[in-house]
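First the structure, in the form of structure tokens, and then the observations on it.
The values are calculated or read from the model by the stated rules, or taken from the named source; none is laboratory data. Remember, it's a predicted structure, so these values are computed and weren't measured experimentally. All Cβ positions, glycine included, derive from the backbone under ideal geometry; neighbour counts span all protein chains shown.
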Amino acid sequence: MSWILIVEQALNGLQFGLMLFLLAAGLTLVFGIMDMINLAHGSLYMLGAFLAATLVQATGSFAAGVLLAIPATAILGMLLEVSVLRTLYARDHLSQVLATFALILIFNEAVRIVWGPDMPLPMPAALSGPVQLFPGMVYPALTYLEEIGHATVEVEGSRKLYHITDAGKEHLDDNRSTADALFAQFNRVGERMDRVRRAMRADETGEGSDAEHERRGSKELLRARRDLKSALADKWDSSREEQQRVIEILKRATAEIQGQ
């Protein structure tokens, strides 16, 4: 795996992590300071985004639309606090959860009625193109592929559908070995994650915790049990013939353990 791919994925994770941090920090601060559980906190971000898109279209300026959306969203938040949230301060946490979850449903339907399921937001030129962070690394890569003519894009609301062009296909053929190596690496990572998920599902079907098993049996027995579950998880998607072979092995092992 090249260092460029690692940096790109790290930047993607950083963006997604910052978004989750904003949502989680707001929920944590409100609960920690005011002892109030507000599950509708993220709905204000959604309303702010739709207000920003509306104001950008109304003013024709991205900066003006975003700056105006901030006080507009703050006013909505204050109105929400005065009309609904203030009445929940003295209620128990379950009532707060139910009420704010109802607000999420109300806000979702209100946005769908007013703006529809999606709304395009025209981006300024300074934010719509790729950025060269290091020599040989352009981020985001899909925008760069569009600019150099290796891909075309269809815009559907705020979504983009990319298609490879003839020039892109030619470039792909010239670098087929590199692309195949990347896809092989992706497949290996996916297989590992799939084995982890299967092992976790197998753990869910077990009886008792590890501590309980350690009290009732040796560590070697617990380790052998884990190895068996991991091996069975690896064979979960194997062929019928291979699964039958595993079944026969397990039957013989069971009979031997039981002393039959």
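Evaluating Ser95 against the criteria (1) closer than 16 Å to Gly42 by Cα; (2) more than 23 Å from the chain's Cα centre (by Cα) leaves one unmet condition, (1). Put simply, of Phe50, Phe31 the only residue that is assigned to a helix (DSSP H, G or I) and over 30 Å from Met123 (Cβ atoms) is Phe31.
Mind checking which residues of the range 186-236 are within 28 Å of the chain's Cα centre (by Cα) and at pLDDT below 75? Passing the criteria: Arg195, Val196, Arg197, Arg198, Ala199, Met200, Arg201, Ala202, Asp203, Glu204, Thr205. Among the residues making up the range 159-184, those that are modelled with pLDDT of 80 or more and closer than 27 Å to Asp237 by Cβ are Ala179, Asp180, Ala181, Phe183, Ala184.
When the range 100-113 is filtered for residues that are in contact (Cβ under 8 Å) with a residue 24 or more places away in the chain and either more than 12 Å from Met36 (Cα to Cα) or outside the structural domain of Gly48 (by TED's automatic domain parsing) (or both), the ones remaining, listed by number, are Phe101, Leu103, Ile104, Phe107, Asn108, Val111. Within the range 73-99, residues that are under 13 Å from Asp35 (Cβ atoms) have Cβ atoms under 9 Å from residues that are charged (D, E, K, R) in these pairs: Tyr89/Asp35; His93/Asp35, counting only partners at least 6 apart in sequence or on another chain. Just name the residue that is modelled with the highest pLDDT out of those in the range 144-158 that are of a type in the set (Val, Ile, Thr) and surrounded by 10 or more Cβ atoms within 10 Å (Cβ to Cβ). That would be Thr152.
Against the test of being charged (D, E, K, R), at pLDDT 90 or above and in a helix (DSSP H, G or I), the options Glu109, Glu8 yield a single qualifying residue, Glu109.
To keep it simple, each residue is scored yes or no on (1) small (Gly, Ala, Ser); (2) surrounded by fewer than 13 Cβ atoms within 10 Å (Cβ to Cβ); (3) in contact with an Asp or Glu (Cβ under 8 Å, 6 or more places away or on another chain).
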position: Gly13; (1), (2), (3): yes, yes, no
position: Leu18; (1), (2), (3): no, yes, no
position: Gly26; (1), (2), (3): yes, no, no
position: Gly32; (1), (2), (3): yes, yes, no
position: Met36; (1), (2), (3): no, no, no
position: Ala40; (1), (2), (3): yes, no, no
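Of everything in the range 217-236, what is more than 16 Å from Arg192 (Cβ to Cβ) and either outside any helix (DSSP H, G or I) or without any contact (Cβ under 8 Å) to a residue 12 or more places away in the chain (or both)? Give them in sequence order. Hits for the range 217-236 are Gly217, Ser218, Lys219, Glu220, Leu221, Arg223, Ala224, Arg226, Asp227, Leu228.
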